[in-house]
Amino acid sequence: MISGSEIEKLNNSFEGTSPARIMKWATDTYGEDAVLSTGFGASGIVLMHQLSLVKPGATAFYLDTDLLFGETYDLIDRIRERMDIRLLRVRTNVSLEEQAREHGEKLWESRPDLCCHIRKVLPLQNFLKDKKAWFTGIRRDQSPTRKNTPVLQWDENLEVIKVSPLATWTEDEVWSYIRINELPYNELHDKGYPSIGCWPCTRAVKEGEDLRAGRWSDISKTECGIHSR
Ligand code: SF4
């Protein structure tokens, strides 16, 4: 385990530095135990591309809730063709039918936290239990709840070092990178969806709303629980 003072020192040196340098430090330090999670948002696309350059064949994974948009599944195929990464599908063994039998239909409406817990948090915990470093695409500009995101952070629950190489990047920087490198991205971004999760819990945003306003927009929930427990 890395100490708090080491994290602080590294965070000071990483503030404002390139994501590639941060990823190189993590992959050099933790080898194959450094893995990237992605929900296939714009930040995730940038990170997967950078990881494929820093460490070709490195592992990225996504949480397949069985409720992703068709456009997202289509994007996964295009990423596999374009990037040299090992992209793993991680999911619960609880089918949607079993979930409905056990907890009722449309759990995402009646108890969204439980739905996220079953379909996202538990599979994530299970996948990361023997890993050391976890790359995420979260950024400070995405929402008020993410404005203090550090580059490195010890995750007490998962017992991994959480690495957010794009913490200081802006939405514009992410999209410039995608366009310059002609990377594939989710078609829904062109239809007013800056942040994309499961289809029952995601809508397009209106002008002036923050980037994650379309997630769980009818309720007070703002995070699925994998970044805030
Ligand atoms: S985002 Fe919605 S549908 Fe997806 S796991 Fe969470 S509550 Fe369920």
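Read the figures in this text as sums done on the coordinates, not as results from a lab. Computed from a predicted structure; not experimentally measured. Virtual Cβ from ideal backbone geometry, glycine too; neighbours counted across all protein chains shown.
Values for this structure:
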| quantity | calculated |
| --- | --- |
| Fraction of antiparallel bridges per DSSP, the stretch 4-187 only, in percent to nearest 5 | 25 percent |
| Separation of the A20 and R82 label points, Cα + 7 Å toward Cβ, nm | 1.8 nm |
| Extension gain (nm, one decimal) between R179 and K9, 0.36 nm per residue minus Cα-Cα | 57.9 nm |
| Within the chain, helix-based [θ] at 222 nm, where runs of 4 or more DSSP H residues each add -39,500 (n - 2.57), nearest 500 | -10500 deg cm²/dmol |
| Sequence-distant residues sharing a close amide H with V163 (under 5 Å, placed H) | W134, F135, T136 |
| Most mobile of D84, D64, D130 in a GNM of the chain (Cα contacts under 10 Å) | D130 |
| FRET efficiency, W154 to R111 (Cβ-Cβ, R0 35 Å, nearest 0.05) | 0.75 |
| Among the listed pairs K55/K206; K131/K191; K131/K206; K9/K147; K55/K120, those beyond 29 Å (Cα-Cα) | K55/K206; K131/K191; K131/K206 |
| Check: the chain dipole with +1 on Lys, Arg Cβ and -1 on Asp, Glu Cβ, in debye | 240 debye |
| Summed residue charge, Cβ within 14 Å of G104's Cβ, Lys/Arg positive, Asp/Glu negative | -2 |
